[in-house]
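> Quick one: this structure, given as structure tokens, is what I'll be asking you about.
What follows draws every value from the coordinates through simple rules; no lab data is involved. Just so you know, these numbers come straight off a predicted model, no measurement behind them. Reconstructed Cβ throughout: ideal geometry from the backbone, glycine too, with neighbour counts over all protein chains shown.
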């Protein structure tokens, strides 16, 4: 079962290996996630998060993550304003 912490992980955790190493999980291309769904998900939490990312993308629910992303990752404009003061 998924919970809110899993959604936070989707917008903060990066892919640890492969072609998209370093890319935030929810930003992985849908085609890449579909490939994993056919070939087999990685073991453990990473596989579960990738499967969740695919479900979110397939159902067009990325917008649900926007407020979570904004809270989890401070905006660059807010950081820039802090530097000016």
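> Among rounded, prolate and oblate, which fits the range 20-78 when a ≥ b ≥ c are the square roots of the eigenvalues of its C-alpha gyration tensor, a/c under 1.5 means rounded, and a/b larger than b/c means prolate?
Prolate is the answer for the range 20-78, as a/c is 1.5 or above and a/b outweighs b/c.
> I would also like to ask the following. How would 36, 17, 2 line up from fewest to most surrounding beta-carbon atoms within 10 angstrom?
Going from least to most buried by this count: 17, 2, 36.
> A further question follows. For a footprinting-style exposure proxy, rank 9, 69 by other Cβ within 10 Å, fewest first.
Fewest-to-most Cβ neighbours within 10 Å comes out as 69, 9.
> Can you give me the distance in nm between label points at residue 70 and residue 8, each placed 7 Å from the Cα along the Cα-to-Cβ direction?
1.8 nm
> Among 16, 74, 29, which one shows the biggest mean-square fluctuation in a GNM of the chain, springs joining Cα atoms closer than 10 Å?
Looking only at 16, 74, 29, the largest GNM fluctuation is found for 74.
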